[in-house]
Amino acid sequence: MSLALALYRTATGLAEPVARLLLRNRAARGKEDPARLDERLGLPAMERPDGPLVWVHGASVGETLSALPLVERIGRERPGVTVLVTSGTRASADLLRPRLPPFAIHQYVPVDAPGAAARFLDHWRPDLLVLLESELWPNLLLEAKARGCRLALVSARLTEHSAEGWSRLKGAARRLLSAFDLILTQDDLSAQRLEALGATVQGRANLKLVGSPLGHDQAEFERLSAAVGDRAVVVSASTHLGEEALADEAVASLPDRPLHVIAPRHPVRADAIEAERITSGRTVARRSRGEALAPDVDVYLADTLGELGLFFRLADVVVLGGGWAEGVGGHNPLEPARLGKATVSGPSVANWRGVFADMVEADAVRLAEPSHLAEVVGDLLASPDEASALGERGRAFARREDGALDRLWAQLRHLVPA
């Protein structure tokens with residue numbers, strides 16, 4: 001073990017006695033589920049089912065949602081296997097609860113301290129860990145490896161900033177990365193960065209490009225459609241601080257008073273968004289409060305989780321957040337594309353650079369500078385045929401990308417217990 005990893009293990013072991021206090025403080029601020037803090041300490045909330053178990057981990061909402069097609073594939077190909085899905089955020093747990101199939105279990109990932117890691121692994125005894133993207137927890141990974149668990153890092157992405165950080169700890173990085181039996185990256189750049197740190201990369205597979213159209217409640221769709229009537233609908237989805245104002249000012253400037261649905265990335269910001277829009281003179285209805293979508297409503301604040309499929313279906317144009325907010329790097333354009341929706345995002349989409357570049361080249365999405373957002377959205381609303389054609393090109397692009405799961409499974413299946 002490298003000196004850095006030995007020091008890390010010692011430091012996390014010394015800090016472990018105060019972990020519960022720190023978790024309680026986070027729970028008081030809404031960042032942890034107070035009813036499930038034991039899980040974060042490696043104490044299970046349920047019994048382990050008999051038979052083989054595959055552990056799939058994704059840090060937050062994006063990673064865990066992208067894991068769902070893989071979870072379903074494991075269940076279909078290995079019907080006797082239990083899948084344990086872990087994540088670290090309340091939002092991801094809320095989204096997974098109604099989506100996980102019966103053979104899958106959700107638990108919060110334990111803090112990366114020696115005792116918590118040992119308790120977690122003693123109880124669940126995974127045969128295989130499939131880690132998504134790039135969350136490398138040394139105690140959990142190395143302890144799982146020492147117990148004979150196979151390790152796979154799939155849909156891996158390593159940013160330039162993270163690569164620079166790990167480059168100062170090359171011995172630790174090499175030790176962690178050498179523990180994996182399989183590494184598949186999202187893109188060539190991540191592969192190059194990981195290989196520079198000592199990883200052996202066996203191929204490419206981006207789970208964020210895989211998926212089915214988001215589901216919805218058909219009866220609720222019909223009810224909301226009737227309430228909307230003939231008004232055009234612009235849905236601003238997965239927005240961040242500053243993007244709601246940018247998008248709503250653009251929509252408010254358009255003729256014929258389109259309805260603006262705002263579905264923020266973090267619904268806990270809804271009070272601030274509502275106050276900001278009311279101050280600007282807009283009439284707001286909140287979905288979480290069951291407020292009616294009346295004809296005088298300018299902004300319908302969709303401050304709920306798991307309903308993007310419903311609101312995308314209502315949309316004439318989708319304004320996808322994350323492309324104008326500093327430090328976010330964009331969000332997945334394939335989610336609205338799978339529903340054939342004309343989609344506009346901002347220029348700052350580094351986390352999805354390759355996908356956006358390919359979609360722009362295929363004229364399957366539009367990117368707009370802040371000063372041009374109203375013009376781009378207005379042109380699409382004024383030309384329904386062009387908006388429809390843009391959406392259909394997006395749908396065709398998304399369908400072409402769904403082969404990534406087959407490529408991933410072809411290499412992963414040898415590690416999955418029968």
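We did not get these values from a lab; they are worked out from the coordinates using the rules stated. Quick caveat, the model's predicted, so the values are computed rather than measured. With ideal geometry, Cβ positions are generated from the backbone for all residues, glycine too; neighbour counts draw on all protein chains shown.
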>> Once R0 is set to 25 Å, what does the formula 1/(1 + (r/R0)^6) return for the Cβ-Cβ distance between ARG99 and GLU195, expressed as a FRET efficiency to the nearest 0.05?
In response: 0.15
> Alpha carbon centre of region 231-260 versus region 284-354: separation in Å?
Replying inline: 10 Å
>> Compute the distance from the alpha-carbon center of region 1-65 to that of region 114-138, in whole Å.
In response: 9 Å
> Which ³J(HN,Hα) values, rounded to whole Hz and listed in residue order, are derived for region 92-100 from phi using the Karplus coefficients 6.51, -1.76 and 1.60 in 6.51 cos²θ - 1.76 cosθ + 1.60 with θ = phi - 60°, glycine and proline given as x?
Replying inline: 5, 5, 5, 6, 6, 3, x, 9, 5
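Compare the peptides 52-60, 321-329 by average per-residue count of other Cβ atoms within 10 angstrom and give them in order, highest first. Write out the running numbers ahead of the final one.
Values: 52-60: 22.2, 321-329: 19.3.
Per-residue Cβ counts within 10 Å, averaged per peptide and sorted highest first, yield 52-60, 321-329.
I need the peptides 389-396, 299-306 ranked by packing, meaning the mean over residues of other C-beta atoms within 10 angstrom, with the highest value on top. Mind showing how you got there, number by number?
Numbers: 389-396: 19.0, 299-306: 21.6.
Ranking, from highest mean packing down: 299-306, 389-396.
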> Which loop-located GluC sites (Glu not before Pro) does region 20-64 contain, where loop means any DSSP state but H, G, I, E or B and the Cβ has at most 10 other Cβ atoms within 10 Å?
Replying inline: GLU47
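Please work out whether region 196-249 counts as rounded, prolate or oblate from its C-alpha gyration tensor, where a ≥ b ≥ c are the square roots of the eigenvalues and a/c under 1.5 means rounded, while otherwise a/b larger than b/c means prolate and anything else oblate?
Working: a/c = 5.00, a/b = 1.89, b/c = 2.65.
Oblate, since a/c reaches 1.5 and b/c is not below a/b.
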>> Please list, ordered by chain and number, the residues whose modelled amide H lies under 5 Å from the amide H of VAL85; skip anything fewer than 5 residues away on the same chain.
In response: VAL56, ILE105, HIS106, GLN107
> Nearest 0.05, what FRET efficiency do ASP187 and GLN411 give at R0 = 25 Å with Cβ-Cβ as r?
Replying inline: 0.90
> Which three lengths, in whole Å and largest first, does the chain cover when its Cα atoms are put on their principal axes?
Replying inline: 65, 44, 43
